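Asks: First, the structure itself, so that you have it in front of you.
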Amino acid sequence: MWNERYSEAEYIFGTEPNDFLKETFSTIPAGGQVLCLAEGEGRNAVFLAEQGYQVTAMDLSDVGLNKALKLASERGVEITMQVADLADYQFGVGKWDGIVSIWAHMPETVRQYVHAQIAPALKPNGVFILEAYTEQQLTMDAVGGPPATQKERFGSLQTLQTELVELEEMIGVEKQRLVAEGKRHQGLSAVVQFVGQKR
Ligand SMILES: C[S@@+](CC[C@H](N)C(=O)[O-])C[C@H]1O[C@@H](n2cnc3c(N)ncnc32)[C@H](O)[C@@H]1O
């Protein structure tokens, strides 16, 4: 499905980074190793590489990640790409200064597996940054987010606080904000934003 969506030349989520990542990326230790989960066409990974981080972008879609490499090349930065499935992704232990999850809406079992890996995979002072749509998005007149048939994929602050309890919460909020990130994410949207640090 995602390979098909990414097969057009246009970057369907745009080439500029996610707004929340842009606001919060500097909480990640400078120059560190950053893992971008479900990174698609690479806009966030390329932005982080431009800020001096060593970035690995993982995604199920090789078509998306090849567009990410092209974007990196056009911007004169290097990123590492990994075609992999979050359902059995090996995060490593004490490996990352930052892990970034932007619009990575997964089935509940996969999300629980991923979130259980975050604290062990971060170095001390490492930071996890996430933005996801909440179920309220189904009532909004906006483009973006899982369909009503996949409600388990929406995020919530309560779920994040439970599943990421080992992290110290720096930001945790559910809110509405205007999203303009490519043609597939547009309009006043219902989101959860989270930044947590490993102590
Ligand atoms: C809404 S897009 C977000 C892309 C990117 N994070 C961004 O903000 O531009 C969701 C991404 O999740 C990826 N994805 C879905 N299921 C996945 C899985 N099980 N493992 C890895 N990536 C997955 C898709 O290929 C797609 O690129």
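Asks: Quick one: what are the phi-derived ³J(HN,Hα) couplings along segment 11-28, Karplus 6.51/-1.76/1.60 with θ = phi - 60°, whole Hz, x for glycine and proline?
Replies: 7, 6, 10, x, 10, 8, x, 4, 4, 5, 4, 4, 6, 10, 4, 6, 6, 7
Asks: Now for a different question. Using amide H atoms built 1.01 Å from N in the peptide plane, name the residues 5+ places from VAL55, or on other chains, whose amide H lies under 5 Å from its own.
Replies: VAL34, THR80
Asks: Right, another one. Going by Cα centres, segment 150-194 and segment 1-67 are how many Å apart?
Replies: Answer, in whole Å: 17.
Asks: May I pose another question? Under the rule of at least 5 residues apart or a separate chain, name every residue whose amide H is placed under 5 Å from the amide H of LYS183.
Replies: Correct list: GLY14.
Asks: Which lysines have a Cα less than 21 Å from the Cα of LYS151, not counting those fewer than 8 places away in the same chain?
Replies: In chain and number order, the partners are LYS175.
Asks: Have a look at the DSSP beta bridges in the chain and tell me what percent are antiparallel, nearest 5. Don't skip to the answer; put the middle values down first.
Replies: Numbers: 20 of 39 bridges.
Restricted to the chain, the bridges split so that about 50 percent are antiparallel.
Asks: Let me see the P(r) profile for segment 53-157: every Cα-Cα distance counted, bins of 10 Å, each bin given as a percent of all pairs.
Replies: Pairs per bin, as whole percents: 13, 38, 35, 13, 0.
Asks: Suppose every Lys and Arg Cβ carries +1 and every Asp and Glu Cβ carries -1, with no other charges. What dipole size does the chain come out with about its Cα centre, to the nearest 20 debye? Before the final figure, lay out the partial values.
Replies: Numbers: 17 positive and 27 negative charges, 41 e Å.
Dipole magnitude for the chain comes out near 200 debye.
Asks: Run the helix sum for the chain: -39,500 (n - 2.57) per DSSP H stretch of 4+ residues, divided by residue count, reported at 222 nm to the nearest 500 deg cm²/dmol. Before the final figure, lay out the partial values.
Replies: Working: 6 runs with 53 residues, N = 199.
Counting only the DSSP helices, I get -7500 deg cm²/dmol.
Asks: Please report the equivalent ellipsoid semi-axes of the chain, computed as sqrt(5 x eigenvalue) of the Cα gyration tensor, largest first, in whole Å. Walk me through the intermediate numbers first.
Replies: Working: eigenvalues 96, 93, 49 Å².
Listed largest to smallest, the semi-axes of the chain are 22, 22, 16 Å.
Asks: Also: Checking a compactness column here: for segment 138-199, what do you get for Rg(Cα) / (2.2 N^0.38 Å), N being the number of residues?
Replies: Values: Rg = 13.3 Å, N = 62, 2.2 N^0.38 = 10.6 Å.
Normalised Cα radius of gyration, segment 138-199: 1.26.
Asks: Could you give the radius of gyration (one decimal) and Dmax (whole number) of the Cα atoms in segment 1-109, in Å?
Replies: Rg, Dmax (Cα atoms, Å): 13.0, 38.
Asks: Another one. Using +1 at the Cβ of each Lys and Arg and -1 at the Cβ of each Asp and Glu in the chain, identify which of ALA45, ALA68, GLN82 lies farthest towards the dipole's positive end.
Replies: Among ALA45, ALA68, GLN82, the one farthest towards the positive end of the dipole of the chain is ALA45.
A short reminder: the numbers here are calculations on the coordinates, not readings from a lab. Computed from a predicted structure; not experimentally measured. Neighbour counts run over all protein chains shown; Cβ positions are idealised from the backbone, glycine included.
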